[in-house]
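First up is the structure itself, then whatever we jot down about it.
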Amino acid sequence: MLIMKKEGLYLLWMITFVFSSGCAAATSVSPTATQNFVPPLTPYQVNTITPTIKPTATSFPTDLPLLPSPTPFKHVIQPGDTLYGIALKYNISLDKLVSANPEVDTSILTIGIEINIPFEGAEDLSVPTPTPYPISIGDPVCQAANDGGMWCFSVIHNNKNLSLENIGVAINLYDSDNTLVQSHIAIPPLDYVFPDQKIPVSVYINQPLPEIFQATAILITSFPGERDSPLTEILNHEIQYSENQTIAQISGAIRILESTPDEGQIWVAAAAYSKGDPVGIRKWVSNQNYKPGEETLFEMILYSFGPPIDEIQLFSELH
């Protein structure tokens, strides 16, 4: 079985586009941990690239993910990953992880490469995986990336009356014969998902990909959180959209409501939707130390991987 432990493993996504001037659409709402926005009716033009997603099969199997098995499981290096953190995530020793990847430079991990997670048998996992708290998971939506890989998203809904953390979702890929060929772990951009909150989980899947594929989502981990409510709130905000509504420039302010000695970073995550499906996600991180009541400004550019954006969610967290 697989256990995921809390670690500083998060996504930081960046695709280079040329952004030209736009028309600001500013609104003012009461502060919340999550905010939704819709695009203006008259945005301005910007150059962008619209990727094309490969066709998908029509049926959706429900097999368990390709996790602990006699053959190694693959982990794709994400921004912020360390070998020690990956070893903690999969509950294996650092020595075993290094031995399973002799070709990997242990001092520098390259984002996007795959490393082997060795699972040789049940004896390798000293602690059994707790049963995750069941939550609602949407069907995966996969969008092609310019480098030949793709991003896969799935919206999770915390329909419990308690906060949850350490959420992990296995995105399973099937070929044209409905054979399970790949499994990848998708995570949310922030640690905590509070009651009745919806947020996308995402994972980048490197090429090569099956010519025809389909994807399903299976909940792997979901545990009760230590917080009852957010420690931050989103204040003023402003959003500018491109003419085809595939790029949004977002700026605003965050206020800290409460802090602890162990927390010094503010995280802001933005998720783009098109007709209810997630089509892009971005995270902003500040490394400064703040005190309760203080405000800080943030700014980011959010891209859609294809369809026009018709809704944006903002999330904030003190980490």
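The values are calculated or read from the model by the stated rules, or taken from the named source; none is laboratory data. In this text, all values refer to a predicted model and were calculated from it rather than measured experimentally. We place every Cβ from the backbone using ideal geometry, glycine too, and count neighbours over all the protein chains shown.
Can you go through L180, L190, L173, L164 and tell me which one is at pLDDT 85 or above and over 21 Å from P134 (Cβ atoms)?
Details: L180 fails: at pLDDT 85 or above; L190 fails: over 21 Å from P134 (Cβ atoms); L164 fails: over 21 Å from P134 (Cβ atoms).
The unique qualifying residue is L173.
If you check A253 against the conditions, is it hydrophobic (A, V, I, L, M, F, W, C), crowded, with 17+ Cβ neighbours inside 10 Å and either assigned by TED's automatic domain parsing to the domain that holds M300 or touching a residue at least 60 places away in the same chain (Cβ under 8 Å) (or both)? Before the answer, list the steps.
Numbers: hydrophobic (A, V, I, L, M, F, W, C): yes; crowded, with 17+ Cβ neighbours inside 10 Å: no; either assigned by TED's automatic domain parsing to the domain that holds M300 or touching a residue at least 60 places away in the same chain (Cβ under 8 Å) (or both): yes.
Spelling it out, it is not the case that A253 is hydrophobic (A, V, I, L, M, F, W, C), crowded, with 17+ Cβ neighbours inside 10 Å and either assigned by TED's automatic domain parsing to the domain that holds M300 or touching a residue at least 60 places away in the same chain (Cβ under 8 Å) (or both).
Run down E233, E243 and say which single residue is touching a Lys or Arg at 6+ places or on another chain (Cβ under 8 Å) and modelled with pLDDT of 90 or more. Steps first, please.
Values: E243 fails: touching a Lys or Arg at 6+ places or on another chain (Cβ under 8 Å).
The conditions single out E233.
Exactly one condition in (1) part of a loop (DSSP other than H, G, I, E, B); (2) modelled with pLDDT of 50 or more; (3) within 29 Å of G306 (Cβ to Cβ) is not met by I108; state its number.
So the condition that I108 fails would be (3).
Any chance you could count how many residues in the stretch 146-155 are modelled with pLDDT under 90 and farther than 16 Å from S183 by Cβ?
At the first step, the residues of the stretch 146-155 found to be modelled with pLDDT under 90 are 146-150.
Checking the rest, the ones that are also farther than 16 Å from S183 by Cβ come to 146-148.
The total comes to 3.
Suppose we filter L231, L302 for residues that are of a type outside the set (S, T, N, Q) and touching a Gly at 6+ places or on another chain (Cβ under 7 Å); which single one remains? Before you say what the answer is, go through the steps one by one.
Working: L231 fails: touching a Gly at 6+ places or on another chain (Cβ under 7 Å).
Of L231, L302, the one residue that is of a type outside the set (S, T, N, Q) and touching a Gly at 6+ places or on another chain (Cβ under 7 Å) is L302.
Scan the stretch 134-145 and tell me whether some residue there is farther than 18 Å from V169 by Cβ, of a type outside the set (V, I, T) and modelled with pLDDT of 75 or more. I'd like the intermediate steps shown before the answer.
Pass one, the stretch 134-145, residues farther than 18 Å from V169 by Cβ: 144-145.
Narrowing the set further to residues that are of a type outside the set (V, I, T) leaves 144-145.
If we keep only those that are modelled with pLDDT of 75 or more as well, we get 144-145.
Yes, some residue in the stretch 134-145 is farther than 18 Å from V169 by Cβ, of a type outside the set (V, I, T) and modelled with pLDDT of 75 or more.
Can you say whether W284 is aromatic (F, W, Y) and either surrounded by fewer than 19 Cβ atoms within 10 Å (Cβ to Cβ) or without any contact (Cβ under 8 Å) to a residue 24 or more places away in the chain (or both), as far as the supplied structure shows? I'd like the intermediate steps shown before the answer.
On the way: aromatic (F, W, Y): yes; either surrounded by fewer than 19 Cβ atoms within 10 Å (Cβ to Cβ) or without any contact (Cβ under 8 Å) to a residue 24 or more places away in the chain (or both): yes.
Taking the combined requirement at face value, the residue satisfies it.
In this structure, is E243 exposed (fewer than 15 other Cβ atoms within 10 Å of the Cβ) and touching a residue at least 12 places away in the same chain (Cβ under 8 Å)? Please lay out each step first, then the result.
Details: exposed (fewer than 15 other Cβ atoms within 10 Å of the Cβ): no; touching a residue at least 12 places away in the same chain (Cβ under 8 Å): yes.
Criteria not met by E243.
List the pairs whose first member sits in the stretch 164-177 and is over 16 Å from V203 (Cβ atoms) and touching a residue at least 12 places away in the same chain (Cβ under 8 Å), whose second member is of a type in the set (F, W, Y) and part of a loop (DSSP other than H, G, I, E, B), and whose Cβ atoms are under 7 Å apart, counting only residues at least 6 apart or on separate chains?
L164/Y133; E165/Y192
Residues checked against (1) surrounded by fewer than 20 Cβ atoms within 10 Å (Cβ to Cβ); (2) in contact with an Asp or Glu (Cβ under 7 Å, 6 or more places away or on another chain); (3) closer than 17 Å to I137 by Cβ; (4) of a type in the set (K, R):
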position	(1), (2), (3), (4)
G168	no, no, yes, no
N172	no, yes, yes, no
L180	yes, yes, no, no
I187	no, no, yes, no
V193	no, no, yes, no
Q197	no, no, yes, no
V203	no, no, yes, no
P208	yes, no, no, no
